[in-house]
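So the structure is just underneath, and the comments pick up after that.
The values are calculated or read from the model by the stated rules, or taken from the named source; none is laboratory data. Quick caveat: nothing in here was measured; it's all calculated off a predicted structure. Heads up, the Cβs are rebuilt from the backbone with ideal geometry, glycines too, and the neighbour counts pull from every protein chain shown.
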Amino acid sequence: MDDTLDIHRLLRVRTDEAAQFTPSKRYLGSLPSVDLAYLRAHPEHLPIFRTHQRIRETPIHGGSISAASRLTLDDGTSVFLKTWPEPSSATSPRDEGAQRPPGFFEAEAAGLAWLRVDGGAPLPEIIIASTDLIALEWIDEGRPTPKSARSFGAALATTHSAGAPAFGADWSGFIGSLPLDNQSTAGPWPTWFAEHRIVPYLRASSDRGALSGADVTAVEELLANIAQYGGDDEPPARVHGDLWPGNLLWSEEGPVYLIDPAAHGGHRETDLAELALFGGAPYLDQIRAGYQDVWPLSSGWEARVPLHQLHLLLVHTAIFGASYRDAVVAAVRATVKQ
């Protein structure tokens, strides 16, 4: 399947235009049963159904950026829906009252489609993707197990090994609500990582007062010597890009799904390092073991974990403020002490 063609097909829906249509009650009553097949065939009807309560919608927790809900169709099928939150429901301090960035949901759809490879980590099926929303397959959550963790590690290695033509991506990206500079380059990785994954969020963190001048200087000194900390050269891997433990969905059926990607061509160790953040993913040792079974990591990967974590930690200081400052400083110190 041609990923590019599939992405363009998914993004063809114009829900903002469809929502301007106000149907009569008679029209709504004449519609056939709204099951999953109907929704796939008529994605442009979803905004109308939501506005006029043609299908049941239940708000649920869906993270700190988007508003999430569970749609229950007439056949009992559930669908996971993400939209941009109303100002009163924004949970991120930087998003209250903010407008949806252009291309926000398109970027997520592009990443989900691109990360889907044979034998790789599973991802939810995209049902509808538009400028205003993304609707995905509903997946019932289950309990983490060592077996599912090890299987996920092996699948993640397969996803990574699918590779990428360059560091970056062909679409504009987002990390949380912030722009993600996906300008493609051949590398080397340390230079690309410094310019496109560290500096923008270091500046944003400084601008909002989350980091002191001394903190900024410490990061800049690390970047001046980043080549000595980056390890051996590796080709671009097909990475999730925002793989903190909350972006794993442990399913009731067993497989572990990737969700909420900031996908791009990057370094595979970044995904694995981010899985250790904020308490760490369940059975992280088994995830790593499964990964090593398929694609062993380069020597010294343990010492590089703090460097790879620095990107996502700076994103957090940029969005949430100084509460993540100590974690940034600790990652810098751990990196330069190698």
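Kindly provide the set of residues from region 213-238 that are within 24 Å of Ser299 (Cα to Cα) and not hydrophobic (A, V, I, L, M, F, W, C), ordered by number.
Start the filter on region 213-238 by keeping residues that are within 24 Å of Ser299 (Cα to Cα), which leaves 222-238.
Those that are within 24 Å of Ser299 (Cα to Cα) and not hydrophobic (A, V, I, L, M, F, W, C): Asn225, Gln228, Tyr229, Gly230, Gly231, Asp232, Asp233, Glu234, Pro235, Pro236, Arg238.
If the requirement is being closer than 18 Å to Glu274 by Cβ and either in the same structural domain as Pro255 (by TED's automatic domain parsing) or not β-branched (Val, Ile, Thr) (or both), which of these qualifies: Ala164, Ala129, Ala186?
Step by step, each of Ala164, Ala129, Ala186 is checked, and only Ala164 is closer than 18 Å to Glu274 by Cβ and either in the same structural domain as Pro255 (by TED's automatic domain parsing) or not β-branched (Val, Ile, Thr) (or both).
Select from region 40-73 the residues that are part of a loop (DSSP other than H, G, I, E, B) and more than 15 Å from Ile134 (Cα to Cα) and list them in ascending order.
Filtering region 40-73 for residues part of a loop (DSSP other than H, G, I, E, B) gives 42, 52-55, 61-66, 73.
Those that are part of a loop (DSSP other than H, G, I, E, B) and more than 15 Å from Ile134 (Cα to Cα): His52, Gln53, Arg54, Ile55, His61, Ser64, Leu73.
If you scan region 171-224, which residues turn out to be more than 22 Å from Gly111 (Cβ to Cβ), of a type in the set (Asp, Glu) and in contact with a helix residue (DSSP H, G or I) (Cβ under 7 Å, 6 or more places away or on another chain)?
If the condition is that a residue be more than 22 Å from Gly111 (Cβ to Cβ), of a type in the set (Asp, Glu) and in contact with a helix residue (DSSP H, G or I) (Cβ under 7 Å, 6 or more places away or on another chain), then Asp215 is the only one that fits.
What is the number of the single condition among (1) within 21 Å of Trp192 (Cα to Cα); (2) surrounded by fewer than 16 Cβ atoms within 10 Å (Cβ to Cβ) that Pro296 does not meet?
That leaves (1) as the condition not met.
Can you tell me which of Gly290, Gly280 is in contact with a helix residue (DSSP H, G or I) (Cβ under 8 Å, 6 or more places away or on another chain), buried (at least 21 other Cβ atoms within 10 Å of the Cβ) and either of a type in the set (Gly, Ala, Ser) or on the phi < 0 side of the Ramachandran plot (or both)? Write out each step before concluding.
On the way: Gly280 fails: buried (at least 21 other Cβ atoms within 10 Å of the Cβ).
Going through Gly290, Gly280 in turn, just one is in contact with a helix residue (DSSP H, G or I) (Cβ under 8 Å, 6 or more places away or on another chain), buried (at least 21 other Cβ atoms within 10 Å of the Cβ) and either of a type in the set (Gly, Ala, Ser) or on the phi < 0 side of the Ramachandran plot (or both): Gly290.
Among His264, His308, which is in the same structural domain as Ser151 (by TED's automatic domain parsing), of a type outside the set (Ser, Thr, Tyr), touching a Gly at 6+ places or on another chain (Cβ under 6 Å) and crowded, with 24+ Cβ neighbours inside 10 Å? Explain how you work it out, then say what you get.
Working: His308 fails: touching a Gly at 6+ places or on another chain (Cβ under 6 Å).
The conditions single out His264.
I want to confirm something. Restricting to region 307-338 and keeping residues that are within 23 Å of the chain's Cα centre (by Cα) and polar (S, T, N, Q), which single residue is farthest from Asp207 (Cα to Cα)?
The qualifying residue farthest from Asp207 (Cα to Cα) is Gln309.
Return the only residue of Arg143, Arg94 being in contact with a strand residue (DSSP E or B) (Cβ under 9 Å, 6 or more places away or on another chain) and either at pLDDT 95 or above or not assigned by TED's automatic domain parsing to the domain that holds Thr51 (or both). Before you say what the answer is, go through the steps one by one.
Values: Arg94 fails: either at pLDDT 95 or above or not assigned by TED's automatic domain parsing to the domain that holds Thr51 (or both).
Selected residue: Arg143, the only one of Arg143, Arg94 that is in contact with a strand residue (DSSP E or B) (Cβ under 9 Å, 6 or more places away or on another chain) and either at pLDDT 95 or above or not assigned by TED's automatic domain parsing to the domain that holds Thr51 (or both).
Here are some conditions: (1) surrounded by 23 or more Cβ atoms within 10 Å (Cβ to Cβ); (2) outside any helix (DSSP H, G or I). Arg100 meets all but one. Which one does it not meet?
Only one criterion is unmet by Arg100, namely (1).
Report, by residue number, each residue of region 115-131 that is farther than 23 Å from Leu36 by Cβ and under 14 Å from the mean Cα position of the chain (by Cα). Reasoning before the result, please.
Here is the first cut: in region 115-131, the ones farther than 23 Å from Leu36 by Cβ are 117-121.
The one that is farther than 23 Å from Leu36 by Cβ and under 14 Å from the mean Cα position of the chain (by Cα): Ala121.
Here is a check on your reading of the model: is Gly254 under 26 Å from Leu178 (Cα atoms) and either in a loop (DSSP other than H, G, I, E, B) or modelled with pLDDT under 95 (or both)? Break it down into steps so the answer makes sense when it comes.
Details: under 26 Å from Leu178 (Cα atoms): no; either in a loop (DSSP other than H, G, I, E, B) or modelled with pLDDT under 95 (or both): yes.
When the stated conditions are applied, Gly254 does not pass them.
Just to be sure I understand, how many residues within region 152-201 are more than 18 Å from the chain's Cα centre (by Cα) and surrounded by 22 or more Cβ atoms within 10 Å (Cβ to Cβ)?
Selection size over region 152-201: 2.
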